[in-house]
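Following: one structure in structure tokens, then a few remarks.
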Amino acid sequence: MNDDGLDPLIHVPTRLKIVATLAALPDGDTLSFTRLQDMIGLTPGNLIIHLRKLEEAGYLSTEKTRNGSAPQTTVALTNHGRAALDTYTQALRGLLGGL
């Protein structure tokens, strides 16, 4: 995180969309990978790259299960991710407050 509170991991527009979309869910709820992909408008490969970076930072968790013979991946924002987004939005509001 930068001194100004703008976390460079979240500051990337695509990752901000992912984190904000997951933050809109009630705590503990998940989205399927395909639903998140449709909502954000990314290719599967592009979404995987961004999800990996966020998961490595502990901002989200993924779970892979099987629905019959088809694999299904669900994604959820962690408490750490919610706190990081809260810090980020407070810093952004602080920077824009003087406009």
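Solvent-accessible area per residue in the stretch 1-87 equals 58 Å², computed with a 1.4 angstrom probe and all protein chains kept.
Estimated from the Cβ-Cβ distance and a Förster radius of 41 angstrom, the FRET efficiency linking residue 69 and residue 89 is about 0.50. The slack in the chain from residue 48 to residue 23, taken as 0.36 nm per residue of separation less the alpha-carbon distance, amounts to 7.2 nm.
Quick one: among 51, 42, 85, which has the greatest mean-square fluctuation in a GNM of the chain with alpha-carbon springs under 10 angstrom? For the chain, modelled as a Gaussian network with Cα springs under 10 Å, the answer is 42. The charge dipole of the chain, taken about its Cα centre with unit charges on the Cβ atoms of Lys, Arg (+1), Asp and Glu (-1) only, comes to about 320 debye. Solvent-accessible area assigned to carbon and sulfur over the stretch 1-40 amounts to 50 percent, based on a 1.4 Å probe.
The values are calculated or read from the model by the stated rules, or taken from the named source; none is laboratory data. Source: prediction; values computed, not measured. With ideal geometry, Cβ positions are generated from the backbone for all residues, glycine too; neighbour counts draw on all protein chains shown. The protein model used for the area step is the full one, side chains on, heavy atoms only, and it has no ligands, DNA or RNA in it. Shrake-Rupley method; radii C 1.70, N 1.55, O 1.52, S 1.80 Å.
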